[in-house]
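To start, the structure under review is shown below, and the notes come after it.
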Amino acid sequence: MIYDIITIGGAIRDFTFYVEKTKKKISGTLCFPLGAKINIKNAYFTHGGGACNVAVGLANFGLKVAVITRIGQDYSGQAILEKLKEKKVDIRFVQIDKKLHTGISAIIQPKEGERTIFTYRGANDALEIKNLESKIKTKWIYIASLSGNWERILKKIYERKDLPKIAWNPGVLQIKAGKNKLAKFLKRTEVLILNRSESALLVRKSEKNIKELLKSLYRLGPKIVVVTCGKNGAYVMNKDGILYHPAKQVKRVDTTGAGDAFSSGFLGGLILFNNIKKALKLGILNSASVLKKVGAQEGLLTKKDLKI
């Protein structure tokens, strides 16, 4: 089988809690009294992890998708597998860890303000790329945020002689390592996707000048650079110049997974239409749709929504 795309990275079981009353003693902080019992208004149990979110998003468009990720031998891992199978994502390369638990996130969402996320990476930290994966036939590879021995994983991916097109959304660990350490990988990357603050951190420049950020990232070697700016839309730069698309204004219920939704929409547009303008629009629409529901995978667009 030849896949349209294989995603590589995390699998997470998300637990989202909505709390009504919080105390903000310092601006930008969320405080709870020690020893207290806090009432939860609503609780949701959903699925996350960059590799899984993007895999589901792309499979929703009818593409042939597989995921390389790692879970534990537990209920959360089985729930993730069932969700992937339901969405027609090929799970044959999912690794089962016999010691570590499946990754989980506890997402605390106050009635007003930004959420706070506690994440246990668990089995994600032990993800491996084995010889088997080098023989997989695929047109694209998408690399999500990586933990554990992430540099070894990147080397395994990029050392393939028949390297497919690579789309990469580096995580915090990769960005903190710096552009010099990532340079050899960026030069062989087709699509680099970052948000505005991540872009500024990677190239050590101010967030204010978005065009300068795009140019600095483009000089690192990727053929297409995408910088998302939340409520302010997204920018794309390639050899033909810079494109911009405003965000679609919707009532935000949950921002979890919005970035991954953009990634799957943008890549889906590139693969299906080979048109960067349509890809950018589909990324914006997919992200906006996810914002309207709780969970990183709940609001993702499907094949019937592709008339753009």
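The values are calculated or read from the model by the stated rules, or taken from the named source; none is laboratory data. Note that the coordinates shown come from a computational prediction; the quantities given were computed from them, not determined experimentally. Methodologically, a virtual Cβ is constructed for each residue, glycine included, from the backbone with ideal geometry; neighbour enumeration extends over all protein chains shown.
Annotations
- Qualifying residue in the stretch 120-137 (condition: touching a His at 6+ places or on another chain (Cβ under 8 Å), assigned to a helix (DSSP H, G or I) and touching a residue at least 24 places away in the same chain (Cβ under 8 Å)): yes
- Among (1) assigned to a strand (DSSP E or B); (2) closer than 15 Å to D4 by Cα - the single one K88 does not satisfy: (1)
- Filter result for I117 (part of a strand (DSSP E or B), within 23 Å of F262 (Cα to Cα) and in contact with a Lys or Arg (Cβ under 7 Å, 6 or more places away or on another chain)): no
- Test: I104 is β-branched (V, I, T) and either closer than 19 Å to L192 by Cα or in a loop (DSSP other than H, G, I, E, B) (or both): no
- Selection count, the stretch 138-159, where residues are crowded, with 19+ Cβ neighbours inside 10 Å and free of Cβ contacts under 8 Å to residues at least 40 places away in the same chain: 2
- In the stretch 183-197, of all residues being among the charged types (D, E, K, R) and in a helix (DSSP H, G or I), the one that is farthest from K223 (Cα to Cα) corresponds to R196.
- Condition check for N274 on (1) modelled with pLDDT of 95 or more; (2) farther than 28 Å from I104 by Cβ; (3) within 20 Å of the chain's Cα centre (by Cα); (4) not hydroxyl-bearing (S, T, Y): one failure, at (3).
- Check on L217, over 14 Å from N238 (Cβ atoms) and among the aliphatic types (A, V, I, L, M): no
- Test: residue in the stretch 65-79 that is surrounded by fewer than 24 Cβ atoms within 10 Å (Cβ to Cβ) and β-branched (V, I, T): no
- Residue within the stretch 82-89 that is modelled with pLDDT of 95 or more, touching a Lys or Arg at 6+ places or on another chain (Cβ under 8 Å) and either within 26 Å of G9 (Cα to Cα) or surrounded by 17 or more Cβ atoms within 10 Å (Cβ to Cβ) (or both) present: no
- Among (1) closer than 15 Å to L285 by Cβ; (2) free of Cβ contacts under 8 Å to residues at least 12 places away in the same chain - the single one A247 does not satisfy: (2)
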